[in-house]
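Here the structure is laid out as structure tokens; the discussion comes afterwards.
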Amino acid sequence: MTDERLKELLRGAISPPDAEELRRDLWPQMAARLEERPRWSYIDLGLAAAAAVALAVFPEWLWLLAYHL
Amino acid sequence: MQDEPDRELLRRFTHGDRDAFEALFRQFEREVYRWILRIVREPGAAEDALIEAFWRAYRGRARFDSSRSFGAWMRRIATNVAIDQLKAHRRHKWSPLDDEAQIPAGSMTRRGGRAGQGPDSFELADQIHRAFASLPPKLQVVATLALIEELPLAEIADALDIPPGTVKSRLFRATRDLRTQLTRVGLHT
């Protein structure tokens with residue numbers, strides 16, 4: 001199968017998008033997103049939990065943690 | 001590409017001025033939307049990706065170098081968001097090529113079965129669509145932009161922020177994988 005044939009098959013099978021232009025004003029949605037309070041990701045929560053456990057086991061690390069903050 | 005905004009607007013944006021951000025959003029939203037749509041090919045998904053792209057831009061505003069093109073920076077962010085969306089779609093909805101029970105509902109809409117072509121063209125379009133959807137998102141993006149949208153490799157490289165040689169190698173892998181997949185389902189033409 002040549003590259004041209006492959007292109008032709010792809011263009012035949014995959015349609016162009018339905019709407020080329022924006023259908024509505026998205027700024028209100030964007031503004032709402034900016035107002036959202038920052039959410040904690042699972043990574044953030046995992047790191048926080050790990051830091052809490054580490055401090056419980058090795059309280060002397062508090063100064064090290066404080067230095068890095 | 002859109003005209004570049006003035007330096008003062010960009011400076012205000014990098015300092016977190018919400019009005020400056022709105023002005024940039026309004027100036028670039030159409031262009032960014034059209035770009036994302038070329039990749040994800042579904043208006044609803046493109047709208048979501050547009051919001052996410054501008055959100056990432058706002059969050060990362062301090063990293064923007066105002067001596068460079070805002071449009072190009074925004075396009076790179078939008079491309080990454082579109083790739084993430086393809087990845088998420090793949091995790092949640094993609095079904096393997098062999099799975100006869102499900103048709104991958106997808107970001108790519110199918111065109112098959114034009115008038116007078118009969119059910120075979122539906123099946124052909126479906127096989128091609130499945131083969132395309134099975135590509136890893138990074139290859140899928142390059143294949144979409146290069147093979148379907150026929151954009152120059154340099155433009156794709158810029159949007160993906162990778163060297164043109166990497167675009168070429170991804171395109172090579174994408175076409176090779178597509179050929180393999182299509183041959184596997186009996187399409188040799």
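The values are calculated or read from the model by the stated rules, or taken from the named source; none is laboratory data. In this text the structure is predicted, and so the values were computed from the model without any measurement. Because the Cβ atoms are built from the backbone with ideal geometry, glycine has one as well, and the counts that use them run over all protein chains shown.
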Would you check which residues across segment B:150-170 are more than 23 Å from residue B:32 (Cβ to Cβ) and either within 14 Å of chain A (Cβ to nearest Cβ) or touching a residue at least 24 places away in the same chain (Cβ under 8 Å) (or both) and list them? B:168
Can we say residue A:33 is under 25 Å from the mean Cα position of the chain (by Cα) and not in a helix (DSSP H, G or I)? no
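Filter segment B:45-63 for residues that are charged (D, E, K, R) and closer than 19 Å to residue B:14 by Cα; which is surrounded by the fewest Cβ atoms within 10 Å (Cβ to Cβ)? Please lay out each step first, then the result.
Looking only at segment B:45-63, we keep the residues that are charged (D, E, K, R), and these are B:47-48, B:52, B:56, B:59, B:61, B:63.
Applying the additional criterion that residues be closer than 19 Å to residue B:14 by Cα yields B:52, B:56, B:59, B:61, B:63.
On the way: B:52: 19, B:56: 16, B:59: 11, B:61: 19, B:63: 9.
Once the filter is applied, the top-ranked residue is B:63.
Somewhere in segment A:2-21, is a residue within 30 Å of residue B:142 (Cβ to Cβ), without any contact (Cβ under 8 Å) to a residue 12 or more places away in the chain and under 18 Å from the mean Cα position of the chain (by Cα)?
Here is the first cut: in segment A:2-21, the residues within 30 Å of residue B:142 (Cβ to Cβ) are A:2-21.
Applying the additional criterion that residues be without any contact (Cβ under 8 Å) to a residue 12 or more places away in the chain yields A:2-21.
Narrowing the set further to residues that are under 18 Å from the mean Cα position of the chain (by Cα) leaves none.
No, that holds for no residue.
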For segment A:45-67, indicate whether the set of residues that are within 30 Å of residue B:41 (Cβ to Cβ) and not hydroxyl-bearing (Ser, Thr, Tyr) is non-empty. no
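Okay, residues lined up against (1) more than 10 Å from every other protein chain (Cβ to nearest Cβ); (2) at pLDDT 85 or above; (3) not in a loop (DSSP other than H, G, I, E, B):
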{"site": "A:1", "(1), (2), (3)": "no, no, no"}
{"site": "A:6", "(1), (2), (3)": "no, yes, yes"}
{"site": "A:11", "(1), (2), (3)": "no, yes, yes"}
{"site": "A:25", "(1), (2), (3)": "no, yes, no"}
{"site": "A:40", "(1), (2), (3)": "yes, no, no"}
{"site": "A:49", "(1), (2), (3)": "yes, yes, yes"}
{"site": "A:55", "(1), (2), (3)": "yes, yes, yes"}
{"site": "A:64", "(1), (2), (3)": "yes, no, yes"}
Here the residues within segment B:171-189 that are within 10 Å of chain A (Cβ to nearest Cβ), more than 16 Å from residue B:143 (Cβ to Cβ) and part of a helix (DSSP H, G or I) are B:183
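Taking segment B:7-44 as the region of interest, how many residues are at positive phi and either facing another protein chain (nearest Cβ under 9 Å) or crowded, with 21+ Cβ neighbours inside 10 Å (or both)? Working first, answer last.
So the first thing to find is which residues in segment B:7-44 are at positive phi, and the list is B:16, B:41.
Restricting the remaining residues to those that are either facing another protein chain (nearest Cβ under 9 Å) or crowded, with 21+ Cβ neighbours inside 10 Å (or both) gives B:41.
Counting residues in segment B:7-44 that are at positive phi and either facing another protein chain (nearest Cβ under 9 Å) or crowded, with 21+ Cβ neighbours inside 10 Å (or both) gives 1.
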